[in-house]
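Structure first, commentary second.
The values are calculated or read from the model by the stated rules, or taken from the named source; none is laboratory data. What you see is a predicted model, and the numbers here were worked out from it, not measured in a lab. Virtual Cβ from ideal backbone geometry, glycine too; neighbours counted across all protein chains shown.
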Amino acid sequence: MSKLRQIFNTSYCRYYSQQVKKKLPIITCKRPEYNHYEGQTYSKFDGVKLASAGWLNVKSKGDYFTIYGDANKKEEKEVFKKSFEDVGVRPELIEVMSGQGYNLPTAIQAKSIPFILEGYNTVVTAETGCGKTLAYLLPIFQHILDWKTSVKDEFNSPLAVIITPSRELATQIGEVAQNIAHNLNLNVTTLVGGRTKQKMLNPPIEYCDILVTTLGAYSKLVTTGIYKINNVHHMVLDEADTLLDDSFSGKLCNLLKKFPMQFKVQHQVPPVGCQLTLVSATMPHELPESVSSFVDPQSLKTVTTSRIHRLLPHVPHKFLRLGKAQKPVELLKLVRADLNLKRPVMIFSNQTPTCDFVSMFLNENGVECININGQMAIPLKAGKFEMFKTGKVDVLSCTDIASRGLDTNRVQHIINYDFPLYTADYIHRCGRTGRISSPHHCTVTNFVAWPREIKLVQKIETSVRRHVELPNVNANIRRIIEDRIAKSAESAIRNMG
């Protein structure tokens, strides 16, 4: 009987392999029976068979699977056919874009620019690295070119303000805006935290058309009257999901209540009212209630892409089930292989001590590595990131401080030494590679060691196999942690009872 079963199983496996050869693999596994192919579906009653299903068992160490998405497809990606002229961008801006190598808008730019130009309050949500920054910068520059002749120049009185949660992102956006502005005879100022008291005692005095700033620094200088708000007719919240979470929302709401947000801004000359644009790669399905304190939620036009809250389809994601002690050795092997191929790599950890350990461990083993974390002094952090960005060093160890918004087109490999605790963090980390103008053959490798990490990996794998959005994409980390503590306390009380 056992011999007949063996013959049947062999015949079935041969038949199955012949059938799936015709289709492209979406997920490949160490155990081929768990492979997932294009168009494959699962029975409602049998459920989804996961490669990671048994990873809570210690014997699963060494198992792995890779999610390819569209990375195996040979056909060229669809090119968005609309031109900058088609979406309403004026000739002098088109000329500037052409000079910087941008001849056609990306999909999110083509969808967003007309709404923003028409004065709508807009929510722009799209996958990382698809050109969201230019999607709002181009309409803002166009508006300012229209307004400049009729608005009286005043010191420290910008026409548009772009607020970010981090200094690094503000600096980066400021550089992009400067590259456009110097061709248009417009002024861009970047204002970040640090030495704020000194700025209050010796305030800057300058003409400014666009101000790119962090929330804390701008809030203090507006409160003290150093920066005027009467001429601000466009407000952008970049990485809006972070700015709207409980860590920032109180200060943000108090600031934005001072601006006269309109249902739709009629951009007559001179302009009246203030227009709002929210931008992020991840956004809760329902915007936080705090939004209603400074803008009518009904006024918000939402612009998005079909790939929102999904893994980047053109970048393979490999998941490795490892023990804690196996992680350093595996890391060293991967990084050395990257350096041999001249592939810059970013290594993410969840906490500063681990980030420091990774850097120290690699340097002690002959791999030059620098590290960035939130507890580092501002000038030191900025200098280190610049070293990586300019190619002086090819290995960067970091925490999530480097995961949001930073444009690191050099990166070809993301290694999650610690698997992130939240889906939104995973999306943002992976978004540091596979961006517009990034090199080909970008990859992501994940070390998965702890039960909590395994449970999140199982949810991600399930969403890919079912071809649905990733679960629980929510950046409100502080509230999530508080809810988890509250639930744990309630559970403990029930158990005691």
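Considering only residues of the stretch 308-355 that are hydroxyl-bearing (Ser, Thr, Tyr) and at pLDDT 95 or above, which is surrounded by the fewest Cβ atoms within 10 Å (Cβ to Cβ)? Give the steps one after another, and end with the answer.
Step one: filter the stretch 308-355 for residues hydroxyl-bearing (Ser, Thr, Tyr), giving 349, 352, 354.
Next, from what is left, pick out any that are at pLDDT 95 or above: 349, 354.
Numbers: 349: 23, 354: 18.
If we take residues in the stretch 308-355 being hydroxyl-bearing (Ser, Thr, Tyr) and at pLDDT 95 or above, then 354 is surrounded by the fewest Cβ atoms within 10 Å (Cβ to Cβ).
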What number of residues within the stretch 55-67 are in a loop (DSSP other than H, G, I, E, B) and either closer than 25 Å to residue 430 by Cα or touching a strand residue (DSSP E or B) at 6+ places or on another chain (Cβ under 9 Å) (or both)? 5
Failed item, numbered, when residue 450 is tested on (1) touching a strand residue (DSSP E or B) at 6+ places or on another chain (Cβ under 8 Å); (2) modelled with pLDDT of 80 or more: (1)
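Taking the conditions exactly as written (assigned to a helix (DSSP H, G or I) and polar (S, T, N, Q)), does residue 275 satisfy them or not? Walk me through it before giving the result.
Values: assigned to a helix (DSSP H, G or I): no; polar (S, T, N, Q): yes.
It is false that residue 275 is assigned to a helix (DSSP H, G or I) and polar (S, T, N, Q).
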Test residue 259 against the stated conditions and say whether it is aromatic (Phe, Trp, Tyr), touching a residue at least 24 places away in the same chain (Cβ under 8 Å) and out of contact with any helix residue (DSSP H, G or I) (no Cβ under 8 Å at 6 or more places or on another chain). yes
Please state which one of 160, 170, 181, 177 is in contact (Cβ under 8 Å) with a residue 24 or more places away in the chain and either surrounded by fewer than 19 Cβ atoms within 10 Å (Cβ to Cβ) or closer than 18 Å to residue 275 by Cα (or both). 160
Quick one: how many residues across the stretch 230-255 are crowded, with 17+ Cβ neighbours inside 10 Å and over 30 Å from residue 309 (Cα atoms)? 3
Please work out which one of (1) modelled with pLDDT under 90; (2) surrounded by 20 or more Cβ atoms within 10 Å (Cβ to Cβ); (3) in contact with an Asp or Glu (Cβ under 9 Å, 6 or more places away or on another chain); (4) not in a helix (DSSP H, G or I) is the condition residue 77 fails and give its number. (2)
The one condition residue 113 fails out of (1) within 30 Å of residue 40 (Cα to Cα); (2) at pLDDT 95 or above is (1)
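Of these, 301, 257, which one is basic (Lys, Arg), modelled with pLDDT of 90 or more and either under 24 Å from the mean Cα position of the chain (by Cα) or under 30 Å from residue 448 (Cβ atoms) (or both)?
Details: 257 fails: either under 24 Å from the mean Cα position of the chain (by Cα) or under 30 Å from residue 448 (Cβ atoms) (or both).
The conditions single out 301.
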All positions within the stretch 176-218 that are at pLDDT below 85, of a type in the set (Gly, Ala, Ser) and out of contact with any Ser or Thr (no Cβ under 9 Å at 6 or more places or on another chain): 194
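Evaluate the following for residue 277: is it farther than 30 Å from residue 230 by Cα, surrounded by 21 or more Cβ atoms within 10 Å (Cβ to Cβ) and in the same structural domain as residue 115 (by TED's automatic domain parsing)? Full working, then the answer.
On the way: farther than 30 Å from residue 230 by Cα: no; surrounded by 21 or more Cβ atoms within 10 Å (Cβ to Cβ): yes; in the same structural domain as residue 115 (by TED's automatic domain parsing): yes.
Judged against the criteria, residue 277 is not a match.
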More than 14 Å from residue 163 (Cβ to Cβ), in a helix (DSSP H, G or I) and outside the structural domain of residue 403 (by TED's automatic domain parsing) - does that describe any residue in the stretch 250-258? yes
Select from the stretch 406-455 the residues that are farther than 24 Å from residue 394 by Cβ, assigned to a loop (DSSP other than H, G, I, E, B) and either without any contact (Cβ under 8 Å) to a residue 60 or more places away in the chain or over 18 Å from the mean Cα position of the chain (by Cα) (or both) and list them in ascending order. 422, 449, 450
